[in-house]
Amino acid sequence: METISAASQLFQFIVTGLTVGAIYAMVAIGFNIIYNVTEIINLAQGEFVMLGGLIMVFMHVTVGLPMILAFVTAVLLVTLTGMLLDRLAIKPIRQPSVMTLIIATIAASIVIKGTAMLIWGKSPYDLPAFSGRTPIELGGVIIQPQYLWVIGFLVVVTIGLTLFFNRTILGKAMAACADNPDAARLVGINVQYMVLLSFALSAAIGAIAGMTLTPIALMDYDRGAMLAIKGFGAAILGGLGSFSGAVLGGLLIGLIESLGAGFLLSGYKDAYALIVLLLVLFLRPSGIMGNFEVTKFKRF
Amino acid sequence: MVKKSAMALLAGLVIFGFSIQPALATYKVGAIFSVTGGASFLGDPEKKTAQMVVDQINRDGGINGEKIELIVYDDETDPTKCNLHAKKLISQDKVVAVIGPSVSGLSVAIIPVFEKFKTPLVSCAASYKIVYNEKTGKPNKWVFKTPQSDSLAVEAIYTKMQSMGIHKIAILTVTDGYGASGRHELLRLAQAYKMDIVADEKYDPKDADMTAQLTKIKGLAPQAIVNWSVGPTQVTVLRNWRDLGMTPITFFQSHGFGSRKNIELAAGAAEGVFCPLGACNIADLLPEDHPQKQVTMAYQKSYTETYNEPLSSFGGHAWDAIQLVVDALKAVGGDRAKIRDYLENKKGFIGQHGVFNFSPEDHNGLTKEAFQMVVVKDGDWALAK
């Protein structure tokens, strides 16, 4: 085996970092969608990722549906879970303060995790890679085909959401709720419906993240919390509420982790990401792409 | 007349009731396992195994006619809960001995409770710190453990490496108690076995990808990699190793790799990987005259029949722990101090993970021979030559 050159090592770190970062970015986007409409940090976001992965495994491996069909059913089921979360845990709260709602999402995440444990048990599950496991070699850099799927889905999700929020009435209505819920209500937007929609959307994106991640890292019932923390970090780094910020934040955290592990001590790779996060927050409290003027109007 | 016979019946019932009272008395044995939480892959098979063994013994008439009652608590891999359960078992449930916990960190955390309340604990976790008090340089008086210490696994791996002519290695460990303890032993014993550790990399228990660490190792071109982790990461790391085209670098896993499920999950990437395993992982492969052949085959059969799932070697640690307690109960009855003394001097106990020879200096009772070096071949274990 020939040794690896420093340049290809660097590119390898970047490729890995971008892939892991893309997952964080998708989780961060999920946080942002709900945050924008409701000002809630949905701490069950990681659970959507876990559910997406495990339901896809169930549909594809256990039930035997073809990949695409399994993908669609899994997205739909997780979306449904997201909508149920809103209807069962968020909407019924009588005098909602942001804090009680956030606590409700914590409760929901525990329920979802526990249910997943009862259904799937505690062992990790594998999913066949979407287009085989033969790695692609590019000038000494090894790329798993699944990496491309992960990054590809991030691109699709980002473009899709940009179009949705800028070009459709529904998307603009949601954005209006995000800007000012009272004014949105005055112009006839059904805010509760928009909240439901935001949960559905972010559940679907979480599910996609989970399904693309599973062939790389397996999936077990316990994975959600860690992904939620990383995704939340990405959302904060990029600026809570900003989609481009979420993508940037996610990719940055992934890159820092990977480069940190590669060039510095790998034991501290989470610390490197956190140090950068803290530095950014010192210099720009609203995050890289966040707007400080806007955050002043938010309750949380 | 009717009244008289009713009285007689009542008296008879009372006397009969009293007379069967002693037979109803049971030996209460406590168990704390991480049935849920991060270490559930350990606690789940351990709980199932202990319950199965106790049920079998009770079905066969118990110990000298007395039944065993196993009281199992789930510590959820949480030290606080583990501590509470330990105290509850000792003071409220009044058990004669406790088996578990599943995790090293938790086992170490509750040692003081057992030392204070003078109750025997047979831990199912690996770290040598459980049975070694750094202040006194001797084992903790009331604490025993059944799994092989990490140091034995490291010795088994290094011995194998020496025979293969490997001396330049990279180590890769997970940043939890298991990985940290393994890393400590790998570094500590390296010199004695003349191993040159060129890379010392780490990753998180929930990490999705270890390509970065492996790429760095690839640049340093060691002869072998030792990975020390449990859970999904030990599978992911193998896939990354294979995908990066690093198979010419021999891969050693720790004894935590001991489940066929891992080979399956690695989807072909486990081929050629070495790992030291206790006999119960590879019961079928053992030669007929192996001392543990009989017990391991019997355990495998009853476990797979009872739970309809493949055996996990971690369950074997609970088998050893509960059988040791049962053995002590048979010999000396339900006195905590007598059980402790009996365990400390027990020799030649044939368990799932080795032949145990306890002594006042050694509360684990195993040597590196408790490990068989196996290699993954055609998707299954094979004894390494």
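The values are calculated or read from the model by the stated rules, or taken from the named source; none is laboratory data. Since this is a predicted model, take the numbers as computed values, not measurements. Reconstructed Cβ throughout: ideal geometry from the backbone, glycine too, with neighbour counts over all protein chains shown. Areas reflect the complete protein model, heavy atoms only, side chains present, ligands, DNA and RNA absent. Shrake-Rupley method; radii C 1.70, N 1.55, O 1.52, S 1.80 Å.
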Exercise. Quickly run through the stretch A:94-149 and pick out the residues that are part of a loop (DSSP other than H, G, I, E, B), modelled with pLDDT of 85 or more and hydrophobic (A, V, I, L, M, F, W, C).
Key: A:Leu127
Exercise. Would you mind stating whether B:Tyr342 is of a type outside the set (Lys, Arg), touching a helix residue (DSSP H, G or I) at 6+ places or on another chain (Cβ under 8 Å), in a helix (DSSP H, G or I) and more than 19 Å from B:Pro147 (Cβ to Cβ)?
Key: yes
Quiz prompt | Subset of the stretch B:198-253 (residues that are under 27 Å from B:Leu42 (Cβ atoms), facing chain A (nearest Cβ under 7 Å) and assigned to a helix (DSSP H, G or I)) | solution = B:Gln213, B:Val235, B:Thr236
Quiz item: Can you pull out the strands (runs of 3 or more DSSP E) entirely within the stretch B:80-179 that have at least 3 residues that are under 25 Å from B:Cys280 (Cβ atoms) and of a type outside the set (Gly, Ala, Ser)?
Solution: B:143-145
Practice problem: Please indicate, with yes or no, whether at least one residue in the stretch B:372-380 is outside the structural domain of B:Ile263 (by TED's automatic domain parsing), assigned to a loop (DSSP other than H, G, I, E, B), crowded, with 18+ Cβ neighbours inside 10 Å and within 16 Å of the chain's Cα centre (by Cα). | Solution: no
Quiz item: If you check every pair at least six apart or on different chains, which have Cβ atoms under 8 Å apart with a residue in the stretch A:201-220 that is within 14 Å of another protein chain (Cβ to nearest Cβ) first and a residue that is open to solvent by 10 Å² or more (accessible area, probe 1.4 Å) and of a type in the set (Ser, Thr, Tyr) second?
Solution: A:Thr214/A:Tyr125; A:Leu218/A:Tyr125; A:Met219/A:Tyr125; A:Asp220/A:Ser123; A:Asp220/A:Tyr125
Exercise. Can you tell me which residue among B:Glu271, B:Glu288, B:Glu264 is surrounded by 16 or more Cβ atoms within 10 Å (Cβ to Cβ), of a type outside the set (Phe, Trp, Tyr) and over 21 Å from the mean Cα position of the chain (by Cα)?
Key: B:Glu271
Self-check item: Any pair with Cβ under 9 angstrom, 6 or more apart, that starts in the stretch A:13-40 at a residue that is at the interface with chain B (Cβ under 10 Å from one of its Cβ atoms) and ends at one that is aromatic (Phe, Trp, Tyr)
Solution: A:Phe13/A:Phe263; A:Val15/A:Tyr147; A:Thr16/A:Tyr147; A:Thr19/A:Tyr147
Exercise. Within the stretch A:49-76, track down each residue that is open to solvent by 70 Å² or more (accessible area, probe 1.4 Å) and assigned to a helix (DSSP H, G or I).
Key: A:Phe58, A:Val61, A:Thr62, A:Val63, A:Ile68, A:Leu69, A:Val72, A:Leu76
Quiz item: Which of (1) touching a Phe, Trp or Tyr at 6+ places or on another chain (Cβ under 9 Å); (2) open to solvent by 10 Å² or more (accessible area, probe 1.4 Å) does A:Ala7 not meet, given it meets every other one?
Solution: (1)
